[in-house]
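Scroll down for the structure; my scribbles are underneath it.
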Amino acid sequence: MKKSEIFFGLLRIPTDFIASVLGFFAAYNLRLLTEPIPGLAKPIDYDVLPTIREYLDFSIYAALALIAVFAFGKMYNLKSTFKFSKEIQKVIVLGIVWTMLIITYFFFTRSFPFSRLGMIYSWAIAILFVILGRAIIKIIQRITLKLKIGQRRILFVGNNEVTNELIKKLSQDPSYRILGVIARGTVAVGKYKILGNISQLEHIAKRRKVEEIIQTHSNISETRSKDILEFCNEHHIEYSFVPDLMEVQRTNIQLQTIGAIPLITLRKTPLDGWGKVAKRIMDILGSFLGLIILSPIFFITAIAIKIESKGPILFSRLDDGTPVKRVGQHGHLFHFYKFRSMRDKTHHMRYSDELASQNIRKDSPLVKIKDDPRVTKVGRFIRKCSIDELPQLWNVLIGNMSLVGPRPHLPEEVAKYKGHHKFVLTIKPGITGLPQTSGRSDLDFETEARLDRFYIENWSIWFDTKLVFKTIGILLKGYKE
């Protein structure tokens, strides 16, 4: 899911809240203004008239109730596909439900609003402001899409009536940028060209920087369909297909309809949309608290490193002075931090002939030196307790990493990955993960990759919480890496 989709989806929540509170504020003042007009409204009973502060306090609770009603009504789906006219209809319908809840509140508390007309004003103006707020968001989102910010680059596989119908529908949506069609022949589908046949798919997808593939062709072999799916997984391309094209697993799927055509999207992970938001909130809170609570350990470790050996406290630069990089989500490089556990400027010896014979992971892209002579005494201790990894809490806080996820590896190691290994780059790397709590470096690389894939495909907040506490337990026991 695009970051812009998440941003605009989340923006609706504070916008709805502010709009409804402003609606109550405007309604309160409007009711006072209409008081002197004879025949328009009954006189206000000033004995029960709340102060503006009291009414705004009530409006805050009412606004929170509105957000809850909208949430149950699926008004905060981050990937919204319905038109604004339907969005207005849903706002009005759910606004009526919200009003009924407020009336029910007054009924059970046996209290009455200071003015029934004031409540009508409050409901009508609040809903109007909510619609205006969402309209402004929609306009801004459309402007960004016209500037090609946040558009999804789509490639179709198959040329048939379904393809024509989907292209007709999606070409009207500025969220999508249709690149063309993969099919036999040369006849264009409307204004969109046939870019090549199925055998050229991978080349075309890479060259055109495709972000989503929609398969409508039913005559592709099961083997070829699996190849397409594996290619999409490897290159982090969203894959959708029209139902009944092939046998698929029924987990991690998203069903939507475009016009009258049902479309199934294979989600690589539940960690998308609101799942991504929830995980990010957990990461921010966890890393922030971790940095504060563990600050004494940071301080003591820094002193110990400086006393024992010359060099920086953090291992953040290579021997030639260039920043230390790790491979993150979707293959993007990021600046990586950890406490220095080796003698300064000895990183280049990692691939030397002298240490090659001590590599205990020769059957994998990774390098693990047994009894590494470069490691200092302090380094051995902080590695044993994984204290050297604690600075990565900063990576988590700024968004390069997550508390839980596949471990980040060096660019030269990732370059040796096989195609199916690259699935682990679907999400942000983590400080800890399922392999680290299931055997750590005793596992072979293939088993580690399978465990990471299982985690990605079965992610949940509870899963993350369990792995964090399991990691803490392992560290307290002092298990070696």
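The values are calculated or read from the model by the stated rules, or taken from the named source; none is laboratory data. Owing to the predicted nature of the structure, the values given are computational and were not obtained by experimental measurement. Virtual Cβ from ideal backbone geometry, glycine too; neighbours counted across all protein chains shown.
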Check: What are the residues in region 266-302 that are of a type in the set (Val, Ile, Thr) and buried (at least 17 other Cβ atoms within 10 Å of the Cβ), if any?
Finding: THR269, THR301
Next item on the list: Say whether the condition of being free of Cβ contacts under 8 Å to residues at least 60 places away in the same chain and surrounded by fewer than 16 Cβ atoms within 10 Å (Cβ to Cβ) is met by at least one residue in region 397-405.
Entry: yes
Notebook entry, point to check: in contact with a Lys or Arg (Cβ under 9 Å, 6 or more places away or on another chain), modelled with pLDDT of 85 or more and surrounded by 13 or more Cβ atoms within 10 Å (Cβ to Cβ), is that true of ARG142?
Noted result: no
Next item on the list: May I ask you to say which residue of GLU247, GLU308 is acidic (Asp, Glu), at pLDDT below 85 and surrounded by fewer than 16 Cβ atoms within 10 Å (Cβ to Cβ)?
Entry: GLU247
Check: Of the residues that make up region 314-326, is at least one closer than 22 Å to ASP452 by Cα, in the same structural domain as PRO391 (by TED's automatic domain parsing) and charged (D, E, K, R)?
Finding: yes
Item checked: Among (1) among the hydrophobic types (A, V, I, L, M, F, W, C); (2) under 30 Å from PHE463 (Cα atoms); (3) out of contact with any Lys or Arg (no Cβ under 7 Å at 6 or more places or on another chain); (4) buried (at least 18 other Cβ atoms within 10 Å of the Cβ) - the single one VAL378 does not satisfy -> (2)
Item checked: Residue that is in a helix (DSSP H, G or I), more than 29 Å from the chain's Cα centre (by Cα), in the same structural domain as PHE129 (by TED's automatic domain parsing) and of a type in the set (Gly, Ala, Ser), where the choices are SER59, SER85 -> SER59
Note to self: Can you list the strands (runs of 3 or more DSSP E) lying wholly within region 154-218 that have 3 or more residues being modelled with pLDDT of 85 or more and within 18 Å of LYS2 (Cβ to Cβ)?
What the structure shows: 176-182, 212-215
Notebook entry, point to check: When VAL69 is evaluated against the numbered criteria (1) modelled with pLDDT under 90; (2) surrounded by 12 or more Cβ atoms within 10 Å (Cβ to Cβ); (3) among the β-branched types (Val, Ile, Thr), which criterion, by number, is the only one it fails?
Noted result: (1)
Item checked: Positions within region 416-448 being among the small types (Gly, Ala, Ser) and modelled with pLDDT under 90, in sequence order -> GLY419, SER438, GLY439, SER441
Check: LYS428 fails exactly one of the following numbered conditions: (1) within 14 Å of MET282 (Cβ to Cβ); (2) in a helix (DSSP H, G or I). What is the number of that condition?
Finding: (2)
Checklist line | Restricting region 1-41 to residues that are β-branched (Val, Ile, Thr) and part of a helix (DSSP H, G or I), the residue that is modelled with the lowest pLDDT | finding: ILE6
Checklist line | TRP459, sole failed condition from (1) hydrophobic (A, V, I, L, M, F, W, C); (2) surrounded by fewer than 23 Cβ atoms within 10 Å (Cβ to Cβ); (3) outside any loop (DSSP other than H, G, I, E, B) | finding: (3)
Next item on the list: Collect the residues in region 311-338 that are exposed (fewer than 14 other Cβ atoms within 10 Å of the Cβ) and among the aliphatic types (A, V, I, L, M), keeping them in residue-number order.
Entry: LEU318
Check: Hey, does region 298-306 have a residue that's in a loop (DSSP other than H, G, I, E, B) and in the same structural domain as GLU446 (by TED's automatic domain parsing)?
Finding: no
Check: Conditions: (1) at pLDDT below 70; (2) of a type outside the set (Asp, Glu); (3) touching a Leu at 6+ places or on another chain (Cβ under 6 Å). ASN252 meets all but one. Number of the miss?
Finding: (3)
